[in-house]
Structure formats: structure tokens, C-alpha cells
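Working notes, structure below.
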Amino acid sequence: MKIAADRVLGFALIGLAAFFAVQAANLHIPISYEPVGPKAFPIVLSIVLALLSLVLVFRPGENGHFPDKALIVKLLAVLGVLVIYALLFTQLGFIITTFFAVLALTKLFEATWRKALIASVVMAVGSYYLFTQGLGISLPSGYWLADFI
Amino acid sequence: MFDFLIDGFGVALTPLNLGLAFLGAMLGTLFGALPGIGPINGIAILMPLAYTLGLPAESALILLAGIYTGSEYGGRMSSILLNVPGDAGAVMTTLDGYPMAKKGLAGPALGLSAVSSFVGATIAIIGLTLFAPLLARVAVMFGPAEFFALMVFAFASMAVMMGKDPIKTGIGAVLGVMIAMVGVDSGTGVLRYTFGMAELYDGIDFVVMIIGLFAISEILLMLEHANRPSNESDEMPPLGRVMVSLKEVLHCKWTMLRCGLIGFIVGVLPGTGASVAGAVAYTTEKRISDKDGTFGTGNMRGLAAPESANNAAAAGSFVPMLTLGIPGSGTTAVLLGALMLYNITPGPLLFTERPEVAGGLIASLYVGNIMLLALNLPLAGVFARVLTIPRWVLVPAIAILAFIGVYQLHSDLMAIYLMLIIGVFGYLLRKLGFSLAPVILGYVLGGLMEDNLRRALSISGGDTGILWQSGISLGLWIAAAALLILPWLVPKLLPSNSTEKNKQGA
């Protein structure tokens, strides 16, 4: 028998509630002029969360369909592209990073090479000029370009 | 007493604001039409741009509200043509809209639904004009205790009305409130849940939160459907004439009026939005006018009902947002956050202190609604073509806009990483059967809820009795309790009716 996903989730959330409550209880408050203070509300929240999660443990809903292996690989690939996009965003500048990010994303979403290349050029260059020239927003041009300009 | 509206038209009819209302209507219809991109995503992506362009608060709000109302119009297109709701509000539109399109009546279905949307929205905007100033006058009497009770009521109505699973709605809302706890506690200066990271001292930023939660998780979710053939155009039924005869409109006039009213009322209730309104209106209309059992097979009234209601709900949900500062739906929660970017806290004083914002918004809804009808009747065919945009174009476009938006506001890569982390969190929640609207409502209301609780108890010196001593707050507590108990109690008392109740909840 498969373990209901909601049951696992319920236990995980009870763990989260406990963590949240302990963190709140350990807050060190130097001076407080009010009766409630910053601890009470988070602790009440943890109790509510724990109670709701307990219901989930005892009455789990239906399992949704979860991603298979191929999809997980793709999900990680998309996330990887976005992380690298963020990492290089200011370093290499908007146009070049956007070009490669769009190229990678269009390929992950199964466009042909031709379409992917056209989309990448149009989106990278088009959005750069739309935002910088059209809307007056400054985008990172990249450190490496600075030498040429 | 309608001075604010006259001033409002003065604001809404300036060339800039007219242009923005038109842009909002266009973009909104587009976002609504694209499956997967609803009003929240559209607003999330454009909000930072509106802010960095230096638009004044009322202009930014006019643009964003235009996107909201526009997407309720646009959501119907993919419902009717492809049987895929373009956004949550248009789920019920598929029931009779798609069968109509199958019968070769796609054009009239688009026309009729545009007219119903217009009628529903008009009713609700008039309701908003009449009702909001009155409610604002009552709301001035609200103290912290009353606001706290009101938020409890908002969460109760959300848990009951929103989504299939009230437990998960509740958990989602609590998670949202918990996220709002991160950062410096305003009362004492104590750091909560920052784990030593300086970037979290100011809390999790609103723009980062919504772009991550909605836009990034949507990108991940779209991956699932990437394998499907993207050229759905060959499935698309021929449009025919995108016009509707006066006879057809008159046939549905009572449906539109009734459901507009229902939609408005549901929209005003805090925590419930267009999707709930569509469902309630459809089931009610089915009971009233489905005499020959043709609802679900392409009945015109079955199409007019949810479309009238979801547009009415969109306008109605501005009532609690503008007068009480409590959003009536997930989308107005995002709009509320947008106002907070401008340091405007909506509430009872908005109509007196910032009449240009409140009046300008309401006036622009009138203007925008007429623009939307004008756009959606003749141009439905053009917008319908948007549905054929493949995902490999959509996804990078969303990613670029998300990055530019967050980078503009923060010029900080940490914010972008945080956005991606929240995106994964949002994706997991959606895969586990949560809807995101309660999370965002919890996030927006959480801080306010704690503040009001603490303020109330400071006033009373720690005596919790203050929370229910006034008539208003006691009434709200009773209403909240009734909302939570009734759906569970009523089917037990009326066993024969229970199946219908279940349908309504779905």
C-alpha cells in the first residue's frame, strides 16, 4: 500500500510547527512595553498549524500525480538555468545572459533549434531595447562590455 | 456624498490614466486569455515595472486594476474555445461555453459572454460606488479589536468558500501568515526567523514573494504540459460571427442581472473571489432557470451566469480592500500589496485622505469596463489567436519579466535567489493540492492581524475580553463561527439536500 502523500506532509508540517514554536519561545526580548510581545502570535500559529496538520494525517486526501523521473530531471534543469541566469545576470550583462537563458528554456520546452535561436535573439535584444530605451529602465550591461564602450 | 466620484473622473480621464486604463484592459484580456497566466501573475509581473517607471499611485493602481478586470474578460476565451479555463474565475464558463463552441456557436458564445461580463461588472461597479463610502463610514468606528475579529472572519470565510479542501486552505493561510512573521518585529525590534541573514531583516519582500510564488511556480508547472502538442489551433473550432443578437442578450437579461448581484455579494465577502462567485452563480441559475435540463450542453444562460458573476466579483472584491484594507480575493491581496509599496494603507480613511486614489480607481473601473466591452466584442478573434502562442515563447518571456522586475526593485541577487526558492515552495504546494490564494492572503493579512491583536491587548492592558466586547466584533466572531459550523451542520439537518450542497462546494 502506498503511503498517502498527505500523511507525510501532515507529519512534516507538525515538525515545522514545532520548530516555529520553539524558535518563537527562545526569542530573547530585552524590554517590552506591551502585554503580548512577539512570541505569542507565532506560538498560536504553530498550534493552529499542528492541529490542521493532524487532521491531514488522519484524513488524508487523494494523492495527486507526481512528477516522474524524466520530469524531475527537466524541473531541475529549468531551475538550474534560472539559477545560472541569476548568477551571471550582472556579470555578463543582460543581453548575453538572456540570450542563453532563453535558448536553454525554449529548448527545454521543446522548440526546434531554428525557432529557439530566433526567439532568443528577438527576446534578448528586443526586451533590452524596450526596457532601456522605451521605458528608461537600466539593465546590467555587463562588466566585460565596459572596456569596449 | 459622491464628490469622490466626480474628482475620481477628473483623475481617470487625464490622457495618461486613460492610456493606462486602455493598456491595462488590453494586457488583462491577454493575460486572462493565456491559460496559466491569470490576473495575479499579470499584476505580479507588471507591478515592479509600474513602480520603477515612477507612475503615481493612482495611475499604477488604474493600470493594475485594469489588468485584473480585463483578465476576467479574457479568461472566458480559452474556456469557450479549448475547454481549458484561462484563469480560476472562468472554470464554470467551460461547462456551457465549450459545448456551444462545439455546436459551431463559438462566435455568439464569445459575444454573449462579453456582454454578460459587461453587465455583471457594471452592476458591481455601481454597487461599489454606492456601498464603499457607506462601509467606509462604518469602518471608521473599527478599532484594533474589531479589525482582528474581521480578519478572523476573513480567514473563516476563505476556508469555507475557497478550494475543495478547507483543511489545506487553512494550512496554506497559516503558512502565509508564518512567512509574514519573518523580519524585525515592529513592536519590540526583536528579529524573528531571520537565522542571522541580514537580507531577511526587513522581512520577505512582497514583490519577491508574489513573483516567486506565482510566476516562477507557473513556469515549473508548465513544464508538465510541455510534451503536449502545442499547436492546439487545429482543435480550435471556427469562430463564426463574433456578435450576439439583441434577442439572445434579452433572453439572458435576468440571468445576467441575478448573477451580477450574486457575484457582487460574493466578491464583497472578504477572502472569496471570482472562482467562488462563478460556482455559486452557476448552481443558483441552474436551479432557477434550467427547466429542460440543458445546462451543461450549451445553454446560453449557463454561459451568461458565471461570466456575469465572475466579473461582478472582481469589482466587488474592491469593496473590502478599499474600505477596510482587507482584500476580498487573492488578486486584491496583491493589489493591496502594490498600494503598500506606495506607502498607502487602504482603510476607512482612504476615501477622505486619498480621494484621488479611491475615486480615481472607481472611476477608472467605469471607463475600463466600457473599453473592455469595446475591445472584446469586435476583437475577440484577435485575442483568440493568442491562445495558440506556444509555451516555449511564454516561459522565457515570463522569466525575463520576473528577473527584470525583481532586479529593478532590489538591484540585489539575493532577492532573485529568494524568488527562485519561493517559486519551488509554491510549486511543491501546488503539487500537493494547495491553492496559492490563501497563502498570499495569509501573507498580506498576517502582519496586520498580529499588529491589531497586540494593539488591542495593549489598550486593554492584556485583558482578552476586549476582543469580543464591542457589538461589531462580537457579531463578526459569531458570523465567523457560523460560517465554519454551518456547512458541516446543514447537510446533517437536511439529509436530502446534502448532495447538492456538496456540488456547490466543489
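Since every read-out is calculated from the coordinates, none of them should be taken as a lab result. All of these numbers come straight from a predicted model, not from anything done at the bench. With ideal geometry, Cβ positions are generated from the backbone for all residues, glycine too; neighbour counts draw on all protein chains shown.
The figures follow:
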item	result
222 nm mean residue ellipticity, helices alone, for chain A (DSSP H n ≥ 4; -39,500 (n - 2.57); rounded to 500)	-23000 deg cm²/dmol
In Hz, Karplus ³J(HN,Hα) per residue of the range B:112-129 (6.51, -1.76, 1.60; θ = phi - 60°; x = Gly, Pro)	4, 5, 5, 5, 4, 4, 5, 5, x, 5, 4, 4, 6, 5, 4, x, 4, 4
Peptides B:327-337, B:76-86, A:79-89 ordered by average Cβ neighbours within 10 Å, highest first	B:327-337, B:76-86, A:79-89
Debye, to nearest 20: dipole size of the range A:1-138, +1 on Lys, Arg Cβ, -1 on Asp, Glu Cβ	360
Binned Cα-Cα distance frequencies in chain A - 5 Å width, integer %	2, 8, 10, 10, 10, 8, 8, 9, 12, 13, 7, 3, 1, 0
Nearest 10 degrees, 0 to 90: helix A:5-25 Cα axis against chain A principal axis	80
C-alpha long axis of helix A:69-92 to longest principal axis of chain A, angle in °	60
Whole-angstrom Cα spans of chain B along principal axes, big to small	67, 54, 48
Kirkwood Rh, angstrom, the protein assembly as shown [1 / mean 1/r, Cα pairs]	25.5
Expected-Rg normalisation [2.2 N^0.38 Å, Cα atoms] applied to the range B:360-439	1.55
Spatial separation of Cα centroids for the range B:435-473 and the range B:124-148, in angstrom	17
Given charges at Cβ of Lys, Arg, Asp, Glu: chain B dipole, positive-most of B:G433, B:A456, B:W392	B:G433
Top positive-direction residue, dipole computed over chain A with Cβ charges, set A:P35, A:A21, A:T112	A:T112
Under-5 Å amide H pairs with B:R192, H placed in peptide plane, nonlocal only	B:G183, B:V184, B:D185
The range B:3-505, dipole about Cα centre (Lys/Arg Cβ +1, Asp/Glu Cβ -1), debye to the nearest 20	1340
Along each principal axis, Cα extent of the range A:69-146, largest first, Å	43, 25, 21
Peptides B:137-144, B:443-450, B:202-209 ordered by average Cβ neighbours within 10 Å, highest first	B:443-450, B:202-209, B:137-144
Inter-chain Cβ neighbour average for residues A:117-129, partner chain, 10 Å	2
Estimated [θ] at 222 nm from DSSP helical runs (n ≥ 4, -39500 (n - 2.57)) normalised by residues in chain B, nearest 500	-23000 deg cm²/dmol
Charged-residue dipole, Cβ positions (Lys, Arg, Asp, Glu), the protein assembly as shown about Cα centre, Debye nearest 20	1600
Summed side-chain charge close to B:L220 - residues other than B:L220 whose Cβ falls under 14 Å, Lys, Arg +1, Asp, Glu -1	+2
Summed side-chain charge close to B:G75 - residues other than B:G75 whose Cβ falls under 11 Å, Lys, Arg +1, Asp, Glu -1	-2
Positive-end residue, the protein assembly as shown charge dipole about Cα centroid, Cβ charges, pick of B:L191, B:L16, B:L64	B:L64
Alpha-carbon centroids, the range A:59-105 and the range B:8-79: separation in whole Å	28
With Cα atoms, 0 to 90° folded angle of helix B:330-341 axis to chain B main axis	50
Ranked by how many other beta carbons lie within 10 Å on average, peptides B:111-118, B:179-186 from highest	B:111-118, B:179-186
Among the listed pairs B:K103/B:K253; B:K103/B:K286; B:K168/B:K253; A:K107/B:K431; A:K107/B:K102; B:K286/B:K431, those beyond 28 Å (Cα-Cα)	B:K168/B:K253; A:K107/B:K102; B:K286/B:K431
Partner chain coverage, peptide B:426-434 - average Cβ within 10 angstrom	3
For B:167-175, mean number of other protein chain Cβ atoms within 10 Å	6
Relative contact order %, chain B, counting alpha carbon pairs below 8 Å whose residues are six or more apart	29
For the range A:5-58, average projected area of the Cα convex hull in nm²	3.5
